[in-house]
Amino acid sequence: MRRAIDDAEAVARACGGDLDAYSVLVARYTLRAHRAAFLLGAGEESDDVVQEAFVKAFRHLGRFRVGEPFGPWLLRIVANETRNLTRSRRRRAALALRLPSAESGGTAADGPVDTVLAAERRAELVAAVNALPDRERQVLVCRYILDLSEAETAQVLGWPLGSVKSRTSRALNRLRGLLVPVEQDRVTND
Amino acid sequence: MTDRTGWQDAVESELRAMGRELAVPPASDLTAAVRQRLEGRTVRHRGVLAMGAGALRRRPRRRAALIVLAALLAALIATPQGRAGITHVFRFAGVELRQEPGPMPSPRSSASLPGERPISLEQAQRQVSFPILVPAALGRPGAIMVSDGGRVVSLIYRRTLYGQVRMDEFAGHLDQVYFEKIVNLSNVTKVEVNGTEGLWIKGPHELVYITRDGYSARASARLTTGNTLIWATRQVALRLEGNLGKTAALAIASSAH
C-alpha cells in the first residue's frame, strides 16, 4: 500500500531525481497554482504557465531550503511565469476576475431583494478591483483571494515587504472611495 | 481611528467573500505532461526557451540544455520564419533576448538604470545580495554604480584599450528577468566562459531594464555600444559591454573574481 508522503519528503526525493515523488507535488499543487496563474492574469494560458512553472521548479529544487513551505515558493515561480507571459505579449494582464454568470446558477438574479442587492454589490466590487492598476490588483489577489500572508505575498510577487503593505493600503483606500459615498465618509483629522 | 479599521475590515471581508465566488476555469491534470517534459521527451514550449544558470549547473541537464539552445538558434537562423520577423524570445541568465518584426525603435541617447548612483565597492557589496566580481584584466573601475535599490551593480571603466567598458552584475541566476534585449538572433552565438555557458552578441542592440515587478523601465532604454558578452556563475549573472572583440571579452570575463 502506498503511504502518503509529506511535502518535505517529496521535495527531498524529487531533488534526488525521483519523478514519482515530484508527481505527488504536481498533483497536490496544480489547483492552487492554476488558480493563482489565472487570477494574476495568465487567462487562457494558465495551464501552460503552470506546466512551465512545475518544470522550472523541478530544475531549481536545489535552491529550495529545507523546511521552507513549498506552496509560496512554487507560487513565486508561477507569478514570474505569468509576468513573463504578459510582458512578452506586450499586453496588460488578462482581466481575470469575474463572477459566474447568473444563468449558470451562480447568483440569484430574482431572489429576495437583499440577495439581489448583495449580488449587485459584489459585481461592483469585482469591476472596481479589475479597474485598479496592475500592481494593486495583484497585491489584493494575493492577500485576500489566494489568502497569502504579507510575507508570503512579498515572496510570491518578489517585492519588498514595505511595497506589499503600501500597495495594499493604497488599493484598499481606492476601493473605499468606490464603495462608500463620499458624504458619509467625512473624517476629521485635525 | 476605530472608524478607519472598521471600514478596512469591511472591505477586506468583502474581498475575501468575493474571492470565494470568482469564476476560475477548471485546471487540467498536468502530472503526465510535466513528467514527460522532465524526462526530456518534449523540449519546446510556447516558443519560449528559458535557461537559467541553475539549469546549467547540473551536468547531465547542462549538456541537454546546450543542445537545445544550439538547435533553437540554428532553427531560428536557418528557417524562413526565423528571418521573416516573427517574434522569438528566449531567456538566459536574467536576460531576455527577443527578435521582433519591424524596424528597431530609436532609444534615447542618454539613459540610466532606475535610481542609479555612484558608490564605493565596499558600500556596494554591503547593499547587494550577490558577490560583486571585479575583472582583474581591466584594473580598478573608474566608477561603481548601484541601481534599483541594490538590484544591479555596474562597474564603469572609462578609458581602456577598448574605449568605455561597462559590466552589469545582478542576481540573474534566480530566474528573474533583469534586461530585455531586442536583437537579431543571427548575431548571437554560444560561447564558453570559464567552463560554463555564455552568449556573445555582436553589434549594438536595444537594451531595456526590467524592474522587480516585471515592467520595462522606459527611461533605461538605450542602444548598446560595441559587442556584449553575457554569462553567469553560481551566484551572479554578468553582462560585459564595450568595443571589444570576442577574445578580449572572454579574457576579461575569465579574470573576474
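The values are calculated or read from the model by the stated rules, or taken from the named source; none is laboratory data. Owing to the predicted nature of the structure, the values given are computational and were not obtained by experimental measurement. As a convention, Cβ positions derive from the backbone with ideal geometry for all residues, glycine included, and neighbour counts pool all protein chains shown.
Could you grab me the full set of residues in the range B:11-39 that are more than 8 Å from chain A (Cβ to nearest Cβ) and either modelled with pLDDT under 85 or under 18 Å from residue A:30 (Cβ atoms) (or both)? Before the answer, list the steps.
So in the range B:11-39, the residues more than 8 Å from chain A (Cβ to nearest Cβ) come out as B:13, B:20, B:26, B:32, B:36.
Within the range B:11-39, B:20, B:26, B:32, B:36 qualify.
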Spot the failing condition for residue A:132; the list is (1) free of Cβ contacts under 8 Å to residues at least 60 places away in the same chain; (2) part of a helix (DSSP H, G or I); (3) under 17 Å from the mean Cα position of the chain (by Cα), and only one is missed.
(2)
State which residue is farthest from the other protein chains (Cβ to nearest Cβ) when the search covers only the range A:56-68 and only residues that are surrounded by fewer than 24 Cβ atoms within 10 Å (Cβ to Cβ) and in a helix (DSSP H, G or I).
A:61
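Across the range B:208-229, what is the number of residues that are closer than 17 Å to residue B:164 by Cα, of a type in the set (A, V, I, L, M, F, W, C) and surrounded by 18 or more Cβ atoms within 10 Å (Cβ to Cβ)? Quick ask: steps written out before the conclusion?
Filtering the range B:208-229 for residues closer than 17 Å to residue B:164 by Cα gives B:222-229.
After this cut, where a residue has to be of a type in the set (A, V, I, L, M, F, W, C) as well, the list is B:223, B:229.
Still in the running and surrounded by 18 or more Cβ atoms within 10 Å (Cβ to Cβ): B:229.
Of the residues in that region, 1 qualify.
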Is it the case that the range B:153-175 has a residue that's in contact with an Asp or Glu (Cβ under 7 Å, 6 or more places away or on another chain), touching a residue at least 12 places away in the same chain (Cβ under 8 Å) and under 22 Å from residue B:100 (Cα atoms)?
no
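What number of residues in the range B:207-236 are hydrophobic (A, V, I, L, M, F, W, C) and in a loop (DSSP other than H, G, I, E, B)?
Here is the first cut: in the range B:207-236, the ones hydrophobic (A, V, I, L, M, F, W, C) are B:207-208, B:210, B:217, B:219, B:221, B:223, B:229-232, B:236.
In the following step, the residues that additionally are in a loop (DSSP other than H, G, I, E, B) were identified as B:236.
Adding up the residues that qualify gives 1.
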I need the strands (runs of 3 or more DSSP E) fully contained in the range B:130-206, keeping only those with at least 1 residues that are under 19 Å from residue B:114 (Cα atoms) and under 17 Å from the mean Cα position of the chain (by Cα).
B:143-147, B:152-160, B:163-170, B:179-182
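Taking the range A:91-116, which residues are assigned to a loop (DSSP other than H, G, I, E, B) and either modelled with pLDDT of 80 or more or within 9 Å of chain B (Cβ to nearest Cβ) (or both)?
Here is the first cut: in the range A:91-116, the residues assigned to a loop (DSSP other than H, G, I, E, B) are A:91-101, A:105-112.
Within the range A:91-116, A:96, A:97, A:98, A:99, A:100, A:101, A:106, A:107 qualify.
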Total residues in the range A:151-163, condition surrounded by 15 or more Cβ atoms within 10 Å (Cβ to Cβ) and in contact with a Leu (Cβ under 7 Å, 6 or more places away or on another chain)
2
